[in-house]
Amino acid sequence: RVMGSYATLQEHLAAADSDRQRLEGEKGQLLTEIERVEKEHKKSEQILKDCSAQLQRMIWENQELRHPGAGGAAPVPADTGGSGDGAVTGAGDVISAHLVAFSDVKELEQRNKQLLSLTRDLSEQLEEQELKAKEKL
């Protein structure tokens with residue numbers, strides 16, 4: 001009878017251990033997904049700030065064209081989370097300083113071409129790195 005109870009307890013322990021391992025795996029997947037979603041959220045917030053800055057600038061320019069001097073001071077791009085002293089401290093600051101604001105449609109078109117080219121280059125580099133990583137495995 002004791003041996004039967006011992007065997008039953010071992011089965012329960014093995015099942016519990018299996019469940020624990022499965023749940024730890026699920027937990028890892030969920031944590032990875034949370035991290036991905038948080039990064040995506042942060043990126044979306046920055047895109048929203050950039051678009052807002054562009055829209056504010058276009059509205060201001062439109063107002064200036066309709067009624068010169070009535071638009072007030074040109075809008076200042078939103079804070080990008082930098083040091084606050086005007087110094088460029090990171091990639092986000094560089095992007096905001098050089099790519100968010102534009103003076104006319106031609107400049108916007110030129111920047112768009114540059115960004116598309118850069119995106120394609122970075123995508124190719126990423127694909128090459130992924131291929132090398134797969135080959136190492």
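For Lys106, the aspartates and glutamates whose Cα falls under 17 Å of its own Cα, not counting residues fewer than eight places away in the same chain, are Glu61. At what distance in nm do the modelled label points of Arg120 and Glu38 sit from each other, each positioned 7 Å from its Cα along Cα→Cβ? Here the modelled spin labels are 3.6 nm apart. Rounded to the nearest 10 square angstrom, Met58 shows an accessible area of 90 square angstrom against a 1.4 Å probe. Seen from Glu135, the other residues with C-beta closer than 13 Å to its C-beta sum to a net charge of 0, counting Lys and Arg as +1 and Asp and Glu as -1.
Please say if the chain is rounded, prolate or oblate, where rounded means a/c under 1.5 for a ≥ b ≥ c the square roots of the C-alpha gyration tensor eigenvalues, and otherwise the choice is prolate for a/b larger than b/c and oblate otherwise? Prolate, because a/c is 1.5 or more and a/b exceeds b/c. Compute the long axis of helix 2-66 from its Cα atoms, compare it with the longest principal axis of the Cα atoms of the chain, and write down the angle in degrees, 0 to 90, nearest 10. Tilt of helix 2-66: around 0 degrees. For segment 1-75, a crude dipole built from +1 on the beta carbon of Lys and Arg and -1 on the beta carbon of Asp and Glu, taken about the Cα centre, is about 120 debye to the nearest 20. Counting only Cβ charges, +1 for Lys and Arg and -1 for Asp and Glu, the dipole size of the chain around its Cα centre is about 160 debye.
Relative to the longest principal axis of the Cα atoms of the chain, the long axis of helix 105-136 makes an angle of roughly 20 degrees. Put a dot 7 Å past the Cα of Lys27, heading toward its Cβ, do the same for Asp104, and the two dots end up 6.1 nm apart.
The values are calculated or read from the model by the stated rules, or taken from the named source; none is laboratory data. No experiment lies behind these values; they were computed from the predicted model shown. Note that each Cβ is placed from the backbone with ideal geometry, even for glycine, and that neighbours are counted across all protein chains shown. For the accessible areas, the whole protein counts, side chains as well, though only heavy atoms, and no ligand, DNA or RNA atoms are used. Shrake-Rupley method; radii C 1.70, N 1.55, O 1.52, S 1.80 Å.
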